[in-house]
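The values are calculated or read from the model by the stated rules, or taken from the named source; none is laboratory data. Not measured: the values here are computed from a predicted model. Virtual Cβ from ideal backbone geometry, glycine too; neighbours counted across all protein chains shown. Note: accessible area is taken over every heavy atom of the protein model, side chains too, but ligands, DNA and RNA are not part of it. Shrake-Rupley method; radii C 1.70, N 1.55, O 1.52, S 1.80 Å.
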Amino acid sequence: MDFEKAKKLIDDADCILVTAGNKFAIADGFDMLDEASFKVQYPDLVEKYDVHTIGDALDKKLPSWPEQWTMWRRFIDDYSVNYQPSDAMLELKQLLTGKDYFIATSYFTHAFENAGFDSKKIFNIFGDWTTMACSSGVNHGLKSDLAIQGVPKCEICNSEMEIHMPLTAHFYPDTDANTRMRIFITNNEDKKMVVLGLGVDELSPQLLDPILHLVSQFENWHYISADLDSSDLPQNIVKRSIGTGSNSKSLLEGLIN
Ligand SMILES: [Zn+2]
(Lines give C-alpha, C1' and ligand atoms only; values in the text may rest on other atoms or scores of the structure.)
Protein backbone atom coordinates (compact mmCIF):
# COMPACT_ATOMS: atom_id res chain seq x y z
CA MET A 1 0.00 0.00 0.00
CA ASP A 2 1.24 3.44 -0.93
CA PHE A 3 0.73 5.89 1.90
CA GLU A 4 2.32 8.90 0.17
CA LYS A 5 -0.98 10.66 -0.45
CA ALA A 6 -2.03 10.18 3.15
CA LYS A 7 1.38 11.34 4.34
CA LYS A 8 1.11 14.54 2.34
CA LEU A 9 -2.36 15.29 3.65
CA ILE A 10 -1.10 14.96 7.21
CA ASP A 11 1.99 17.08 6.52
CA ASP A 12 -0.20 19.83 5.11
CA ALA A 13 -2.86 19.65 7.82
CA ASP A 14 -3.41 22.39 10.40
CA CYS A 15 -4.99 19.94 12.79
CA ILE A 16 -5.82 16.27 13.21
CA LEU A 17 -8.83 14.61 14.73
CA VAL A 18 -8.03 10.99 15.59
CA THR A 19 -10.83 8.51 16.06
CA ALA A 20 -9.61 5.28 17.61
CA GLY A 21 -11.88 2.26 17.86
CA ASN A 22 -11.66 -1.22 19.32
CA LYS A 23 -9.40 -2.52 16.59
CA PHE A 24 -6.88 0.14 17.52
CA ALA A 25 -7.03 -1.12 21.11
CA ILE A 26 -6.32 -4.63 19.79
CA ALA A 27 -3.33 -3.33 17.81
CA ASP A 28 -2.14 -1.75 21.06
CA GLY A 29 -2.37 -5.08 22.90
CA PHE A 30 -5.80 -4.87 24.51
CA ASP A 31 -8.40 -7.25 23.15
CA MET A 32 -11.46 -7.31 25.36
CA LEU A 33 -12.87 -10.30 23.46
CA ASP A 34 -9.79 -12.53 23.58
CA GLU A 35 -10.81 -15.78 25.29
CA ALA A 36 -7.48 -17.56 24.95
CA SER A 37 -5.40 -15.04 26.88
CA PHE A 38 -8.17 -14.46 29.42
CA LYS A 39 -8.12 -18.15 30.29
CA VAL A 40 -4.37 -18.02 30.87
CA GLN A 41 -4.38 -14.74 32.77
CA TYR A 42 -7.48 -15.13 34.91
CA PRO A 43 -8.24 -18.87 35.33
CA ASP A 44 -9.78 -18.23 38.76
CA LEU A 45 -12.29 -15.75 37.29
CA VAL A 46 -13.30 -18.25 34.61
CA GLU A 47 -13.80 -20.88 37.29
CA LYS A 48 -15.59 -18.75 39.85
CA TYR A 49 -17.77 -16.46 37.74
CA ASP A 50 -18.06 -18.26 34.40
CA VAL A 51 -16.69 -15.26 32.49
CA HIS A 52 -14.48 -15.81 29.47
CA THR A 53 -13.27 -12.44 28.24
CA ILE A 54 -12.72 -9.02 29.76
CA GLY A 55 -15.85 -7.79 27.99
CA ASP A 56 -17.78 -10.67 29.48
CA ALA A 57 -16.36 -9.98 32.95
CA LEU A 58 -17.24 -6.29 32.75
CA ASP A 59 -20.82 -7.13 31.86
CA LYS A 60 -21.20 -9.52 34.77
CA LYS A 61 -22.63 -8.20 38.00
CA LEU A 62 -20.66 -9.92 40.78
CA PRO A 63 -22.38 -10.89 44.06
CA SER A 64 -20.71 -8.20 46.19
CA TRP A 65 -18.96 -4.85 45.88
CA PRO A 66 -15.67 -6.16 47.35
CA GLU A 67 -15.58 -8.92 44.71
CA GLN A 68 -16.50 -6.43 42.02
CA TRP A 69 -13.71 -4.05 42.94
CA THR A 70 -11.17 -6.86 43.38
CA MET A 71 -11.80 -7.92 39.81
CA TRP A 72 -11.83 -4.37 38.39
CA ARG A 73 -8.63 -3.61 40.33
CA ARG A 74 -6.83 -6.53 38.68
CA PHE A 75 -7.81 -5.44 35.19
CA ILE A 76 -6.84 -1.83 35.93
CA ASP A 77 -3.48 -2.92 37.35
CA ASP A 78 -2.73 -5.27 34.47
CA TYR A 79 -3.79 -3.04 31.60
CA SER A 80 -3.54 0.53 32.87
CA VAL A 81 -1.04 0.74 35.73
CA ASN A 82 1.37 -1.66 34.00
CA TYR A 83 0.61 -0.38 30.50
CA GLN A 84 3.34 -0.39 27.86
CA PRO A 85 2.59 1.47 24.63
CA SER A 86 2.81 -0.54 21.41
CA ASP A 87 4.82 0.56 18.39
CA ALA A 88 1.55 1.73 16.82
CA MET A 89 0.86 3.99 19.80
CA LEU A 90 4.40 5.39 19.73
CA GLU A 91 4.14 6.03 16.00
CA LEU A 92 0.88 7.87 16.51
CA LYS A 93 2.60 10.01 19.12
CA GLN A 94 5.39 10.80 16.72
CA LEU A 95 2.86 11.63 14.00
CA LEU A 96 1.00 14.11 16.22
CA THR A 97 4.09 15.81 17.65
CA GLY A 98 3.85 19.53 16.93
CA LYS A 99 0.31 19.19 15.55
CA ASP A 100 -2.91 20.54 16.99
CA TYR A 101 -4.91 17.38 17.68
CA PHE A 102 -7.82 15.79 19.46
CA ILE A 103 -8.52 12.10 20.08
CA ALA A 104 -11.98 10.55 20.37
CA THR A 105 -11.84 6.92 21.38
CA SER A 106 -13.79 3.93 22.58
CA TYR A 107 -10.56 2.46 24.05
CA PHE A 108 -11.29 2.71 27.76
CA THR A 109 -8.08 1.72 29.58
CA HIS A 110 -6.50 5.20 29.83
CA ALA A 111 -3.94 4.12 27.22
CA PHE A 112 -3.63 7.45 25.40
CA GLU A 113 -3.14 9.34 28.66
CA ASN A 114 -0.61 6.74 29.80
CA ALA A 115 1.22 6.97 26.49
CA GLY A 116 1.72 10.68 27.16
CA PHE A 117 -0.97 12.37 25.09
CA ASP A 118 -2.50 15.49 26.62
CA SER A 119 -5.48 14.38 28.73
CA LYS A 120 -7.26 17.63 27.80
CA LYS A 121 -7.22 16.50 24.17
CA ILE A 122 -8.88 13.12 24.69
CA PHE A 123 -12.55 12.18 24.84
CA ASN A 124 -13.11 8.63 26.05
CA ILE A 125 -16.58 8.17 24.62
CA PHE A 126 -17.25 4.96 26.53
CA GLY A 127 -15.60 6.12 29.71
CA ASP A 128 -12.31 5.09 31.25
CA TRP A 129 -12.00 2.41 33.89
CA THR A 130 -9.29 4.37 35.74
CA THR A 131 -12.03 6.82 36.67
CA MET A 132 -15.08 6.06 38.77
CA ALA A 133 -18.58 7.44 39.16
CA CYS A 134 -21.32 7.17 41.77
CA SER A 135 -23.47 4.03 41.46
CA SER A 136 -26.59 5.80 42.77
CA GLY A 137 -27.65 6.81 39.28
CA VAL A 138 -27.10 10.49 40.07
CA ASN A 139 -24.16 12.25 38.46
CA HIS A 140 -21.88 13.02 41.42
CA GLY A 141 -18.78 13.64 39.33
CA LEU A 142 -15.79 11.60 38.23
CA LYS A 143 -12.77 10.64 40.34
CA SER A 144 -9.61 8.69 39.64
CA ASP A 145 -9.68 5.16 41.05
CA LEU A 146 -5.95 4.56 40.63
CA ALA A 147 -5.04 5.16 44.27
CA ILE A 148 -8.10 3.73 45.98
CA GLN A 149 -8.27 0.59 48.09
CA GLY A 150 -11.20 -1.62 48.93
CA VAL A 151 -14.63 -0.38 47.88
CA PRO A 152 -14.63 3.40 47.32
CA LYS A 153 -17.66 5.40 48.42
CA CYS A 154 -19.19 8.56 46.95
CA GLU A 155 -18.19 11.68 48.86
CA ILE A 156 -21.60 13.21 48.29
CA CYS A 157 -24.10 10.41 48.98
CA ASN A 158 -21.94 7.59 50.35
CA SER A 159 -23.10 5.09 47.70
CA GLU A 160 -20.51 2.69 46.34
CA MET A 161 -18.54 4.00 43.41
CA GLU A 162 -18.27 2.06 40.15
CA ILE A 163 -15.88 2.22 37.19
CA HIS A 164 -16.92 4.90 34.72
CA MET A 165 -18.14 2.81 31.81
CA PRO A 166 -21.52 2.28 30.16
CA LEU A 167 -22.21 -0.92 32.11
CA THR A 168 -25.49 0.37 33.51
CA ALA A 169 -28.33 2.52 32.20
CA HIS A 170 -27.10 5.55 34.15
CA PHE A 171 -23.80 6.15 32.35
CA TYR A 172 -22.98 9.86 32.05
CA PRO A 173 -20.41 10.61 29.37
CA ASP A 174 -17.56 12.88 30.40
CA THR A 175 -19.23 16.20 29.61
CA ASP A 176 -16.07 18.29 30.06
CA ALA A 177 -14.18 16.20 27.50
CA ASN A 178 -17.17 16.21 25.19
CA THR A 179 -17.27 20.02 25.39
CA ARG A 180 -13.55 20.29 24.65
CA MET A 181 -14.02 18.14 21.57
CA ARG A 182 -16.90 20.32 20.35
CA ILE A 183 -14.75 23.43 20.81
CA PHE A 184 -11.90 21.79 18.89
CA ILE A 185 -14.30 21.03 16.04
CA THR A 186 -15.90 24.48 16.03
CA ASN A 187 -12.53 26.25 16.09
CA ASN A 188 -11.31 24.21 13.15
CA GLU A 189 -14.32 24.13 10.85
CA ASP A 190 -12.51 26.16 8.19
CA LYS A 191 -9.02 24.79 8.81
CA LYS A 192 -7.23 22.04 6.93
CA MET A 193 -8.33 19.18 9.14
CA VAL A 194 -7.42 15.54 8.68
CA VAL A 195 -9.66 13.05 10.43
CA LEU A 196 -7.68 9.88 10.97
CA GLY A 197 -9.78 6.77 11.55
CA LEU A 198 -7.78 4.08 13.35
CA GLY A 199 -9.45 0.75 14.04
CA VAL A 200 -12.77 2.34 13.14
CA ASP A 201 -15.16 0.46 10.86
CA GLU A 202 -18.86 -0.32 10.78
CA LEU A 203 -18.45 -2.07 14.15
CA SER A 204 -17.65 1.33 15.70
CA PRO A 205 -20.63 3.35 14.40
CA GLN A 206 -20.30 5.96 17.16
CA LEU A 207 -16.89 6.90 15.82
CA LEU A 208 -17.83 6.60 12.16
CA ASP A 209 -21.25 7.96 11.17
CA PRO A 210 -21.19 11.32 13.02
CA ILE A 211 -17.59 11.87 11.96
CA LEU A 212 -18.26 11.20 8.27
CA HIS A 213 -21.15 13.63 8.55
CA LEU A 214 -18.79 16.31 9.90
CA VAL A 215 -16.31 15.70 7.10
CA SER A 216 -19.10 16.10 4.56
CA GLN A 217 -20.02 19.47 6.09
CA PHE A 218 -16.59 21.11 6.05
CA GLU A 219 -14.92 21.31 2.68
CA ASN A 220 -11.36 21.72 4.00
CA TRP A 221 -11.61 18.49 5.95
CA HIS A 222 -10.17 15.17 4.76
CA TYR A 223 -10.78 11.67 6.00
CA ILE A 224 -8.15 8.94 6.15
CA SER A 225 -9.34 5.50 7.16
CA ALA A 226 -6.91 2.78 8.16
CA ASP A 227 -9.47 0.01 7.99
CA LEU A 228 -12.02 0.88 5.32
CA ASP A 229 -11.58 0.87 1.58
CA SER A 230 -12.37 4.00 -0.41
CA SER A 231 -15.35 2.13 -1.85
CA ASP A 232 -16.80 1.82 1.69
CA LEU A 233 -16.83 5.60 2.16
CA PRO A 234 -19.80 7.78 1.29
CA GLN A 235 -19.86 9.22 -2.24
CA ASN A 236 -20.09 12.84 -1.06
CA ILE A 237 -16.68 12.72 0.67
CA VAL A 238 -14.88 10.20 -1.48
CA LYS A 239 -12.83 12.88 -3.25
CA ARG A 240 -11.57 14.15 0.09
CA SER A 241 -10.94 10.71 1.56
CA ILE A 242 -8.44 7.91 1.51
CA GLY A 243 -9.50 4.45 2.51
CA THR A 244 -6.36 2.36 2.84
CA GLY A 245 -8.25 -0.87 3.54
CA SER A 246 -5.47 -2.10 5.81
CA ASN A 247 -5.15 -1.58 9.55
CA SER A 248 -3.85 0.94 12.08
CA LYS A 249 -0.52 -0.78 12.52
CA SER A 250 0.38 -0.76 8.82
CA LEU A 251 -0.95 2.73 8.24
CA LEU A 252 0.94 4.30 11.16
CA GLU A 253 4.12 2.47 10.19
CA GLY A 254 3.69 3.73 6.62
CA LEU A 255 3.04 7.30 7.74
CA ILE A 256 6.10 7.46 9.94
CA ASN A 257 8.63 5.74 7.72
ZN1 LIG B 1 -23.19 9.72 44.99
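Across segment 66-98, what is the number of residues that are in contact with a Gly (Cβ under 9 Å, 6 or more places away or on another chain) and aromatic (Phe, Trp, Tyr)? Here the count works out to 3. A single entry from PHE123, PHE102, PHE112 fulfils the requirement of being more than 23 Å from TYR49 (Cα to Cα), touching a strand residue (DSSP E or B) at 6+ places or on another chain (Cβ under 6 Å) and in a helix (DSSP H, G or I): PHE112.
I want to confirm something. Restricting to segment 42-59 and keeping residues that are more than 21 Å from the chain's Cα centre (by Cα) and under 27 Å from ASP201 (Cβ atoms), which single residue is surrounded by the most Cβ atoms within 10 Å (Cβ to Cβ)? Step by step, filter segment 42-59, then rank; the result is VAL51.
Considering only residues in segment 170-183 that are of a type outside the set (S, T, N, Q) and free of Cβ contacts under 8 Å to residues at least 24 places away in the same chain, the one that is farthest from TYR101 (Cα to Cα) turns out to be ASP176. Among the residues making up segment 169-184, a single one is within 13 Å of the ligand (Cβ to nearest atom) and open to solvent by 80 Å² or more (accessible area, probe 1.4 Å): TYR172. In segment 149-168, the residue that is farthest from the ligand (Cβ to nearest atom) out of those that are touching a residue at least 24 places away in the same chain (Cβ under 8 Å) and over 20 Å from the mean Cα position of the chain (by Cα) is GLY150. Kindly establish whether GLU160 is touching a Ser or Thr at 6+ places or on another chain (Cβ under 9 Å) and charged (D, E, K, R). Taking the combined requirement at face value, the residue satisfies it. One residue stands out among those in segment 114-139 that are of a type in the set (D, E, K, R) and touching a residue at least 12 places away in the same chain (Cβ under 8 Å): the one that is surrounded by the most Cβ atoms within 10 Å (Cβ to Cβ), which is ASP128.
Would you mind stating whether LYS153 is modelled with pLDDT of 95 or more, out of contact with any Cys (no Cβ under 6 Å at 6 or more places or on another chain) and not polar (S, T, N, Q)?
Taking the combined requirement at face value, the residue satisfies it.
State whether one or more residues within segment 12-31 are of a type in the set (Ser, Thr, Tyr), in a loop (DSSP other than H, G, I, E, B) and open to solvent by less than 70 Å² (accessible area, probe 1.4 Å). No, segment 12-31 has no match at all. Being among the basic types (Lys, Arg), at pLDDT 95 or above, in contact with a Gly (Cβ under 7 Å, 6 or more places away or on another chain) and open to solvent by 60 Å² or more (accessible area, probe 1.4 Å) is a property that does not hold for LYS143. Applying the condition of being charged (D, E, K, R) and in contact with a His (Cβ under 9 Å, 6 or more places away or on another chain) to segment 162-212 and asking which residue is modelled with the lowest pLDDT yields ASP174.
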